[in-house]
Structures are given as C-alpha cells and as structure tokens.
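The values are calculated or read from the model by the stated rules, or taken from the named source; none is laboratory data. As the structure is a computational prediction, the values presented were derived from the model and not from experiment. Here the Cβ is made from the backbone with ideal geometry for all residues, glycine too, and neighbour counts use every protein chain on show.
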Amino acid sequence: MTKGFVYNFIKQHALAVIATLSDDQKPEAALVGFAISEDLEIVFDTVKTSRKYQNLLQNTFVAAVIGWDNETTVQYEGVATELNGPDADHYREIYFEVYPDGRERAKTWAGLVHFKVTPKWIRYSSFNDPPVVEEMVF
C-alpha cells in the first residue's frame with residue numbers, strides 16, 4: 001500500500017466520523033466534512049462551542065473512519081492541531097477546494113476554526129474478494 005493509493009481512496013470521500021475524548025475520557029464521535037492533503041493530513045472545521053473543540057483542547061489525539069461503501073474503509077489515527085500561523089491559509093485552501101462554501105462560513109460563523117490532523121496510523125480495509133487489510137505507521 002502506498003501513500004498515493006491511500007490519498008486517492010480518501011480523496012474520493014468528503015465525510016468522516018471523527019472521535020475525540022472528553023475530559024472524563026468518554027469517547028465522543030461526530031460526522032464532519034473534511035479535505036485531505038497530499039501528505040494525508042485531514043483538514044476540517046468546527047465551532048468553539050462544540051464538544052469536539054472542547055475535547056481537542058484537552059487531548060489532541062483523534063480517530064477517524066473514512067468510507068464505508070462496499071465494505072471498504074480507512075481507519076485513521078492522528079494528532080489534531082488548530083490552524084494558526086503561516087501554514088494556516090495553505091490548509092484552509094485545501095479545505096475550501098472541497099467545500100467552497102466554507103469561505104463564507106469562515107467569515108460569518110462566530111467561533112469557527114479549522115484543524116489539521118497529522119496521521120500517526122492508517123489502516124485500509126477492503127472485505128471484497130480478495131480481502132485486503134494493510135497498515136501504515138508514521
């Protein structure tokens with residue numbers, strides 16, 4: 001399995017389930033719209049009033065599931081960073097390519113922020129014939 005193969009699979013999707021941990025270590029999951037960089041970084045937005053945002057302030061580790069059609073998925077674990085600084089615009093542009101309406105949300109939604117998730121572990125699973133399950137560690 002190559003980085004390019006995983007990128008091409010993920011790029012076909014625009015929704016993922018992201019799981020975070022609350023401050024009392026309770027898992028909480030949410031469906032998010034996302035984009036993917038060529039370095040397999042996930043970019044998504046959220047609002048500061050969400051549980052997800054509050055959880056990420058306490059614990060930056062996330063898990064995600066991308067794709068579920070035809071019994072084929074990517075499981076993804078990584079570290080989330082709120083976008084600030086010189087690279088922030090680059091990653092927002094990646095997000096806006098998938099969600100052009102995100103530009104308007106960024107201007108008008110109070111407390112909207114963007115996150116980048118850097119991968120630490122990825123598993124691609126296809127339970128078709130023949131089944132394929134492969135992992136990447138970063």
### Summary
Going through the range 22-53 in order, the residues found to be touching a residue at least 24 places away in the same chain (Cβ under 8 Å) and more than 19 Å from residue 122 (Cα to Cα) are 22, 23, 28, 45, 46, 47, 48, 49, 51, 52, 53
## Note on the structure
Among the residues of the range 35-54, the number that are surrounded by 16 or more Cβ atoms within 10 Å (Cβ to Cβ) and either modelled with pLDDT under 95 or farther than 18 Å from residue 102 by Cβ (or both) is 1
### Query
Out of curiosity, is residue 138 touching a strand residue (DSSP E or B) at 6+ places or on another chain (Cβ under 6 Å), crowded, with 17+ Cβ neighbours inside 10 Å and either over 17 Å from residue 15 (Cα atoms) or not aliphatic (A, V, I, L, M) (or both)?
no
### Query
Can you name the residue in the range 110-132 that is of a type in the set (Val, Ile, Thr) and within 20 Å of the chain's Cα centre (by Cα) and, of all such residues, is nearest to residue 52 (Cα to Cα)?
113
### Task
Could you tell me whether any residue of the range 7-17 is surrounded by fewer than 18 Cβ atoms within 10 Å (Cβ to Cβ) and assigned to a strand (DSSP E or B)?
yes
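For (1) in contact with a Lys or Arg (Cβ under 7 Å, 6 or more places away or on another chain); (2) surrounded by fewer than 16 Cβ atoms within 10 Å (Cβ to Cβ); (3) not in a loop (DSSP other than H, G, I, E, B), each residue gets a yes or a no:
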position: 56; (1), (2), (3): no, no, yes
position: 64; (1), (2), (3): no, no, yes
position: 76; (1), (2), (3): no, no, yes
position: 89; (1), (2), (3): no, yes, yes
position: 96; (1), (2), (3): yes, no, yes
position: 103; (1), (2), (3): no, yes, yes
position: 107; (1), (2), (3): no, yes, yes
position: 116; (1), (2), (3): no, no, yes
position: 121; (1), (2), (3): no, yes, yes
### Message
For the range 19-54, which positions are in a loop (DSSP other than H, G, I, E, B) and out of contact with any Asp or Glu (no Cβ under 7 Å at 6 or more places or on another chain)?
### Response
23, 24, 25, 26, 37, 38, 39, 40, 41, 48, 49, 50
### Query
Assuming residue 85 fulfils every condition listed in (1) modelled with pLDDT of 95 or more; (2) over 15 Å from the mean Cα position of the chain (by Cα); (3) not β-branched (Val, Ile, Thr) apart from one, which condition is it?
(1)
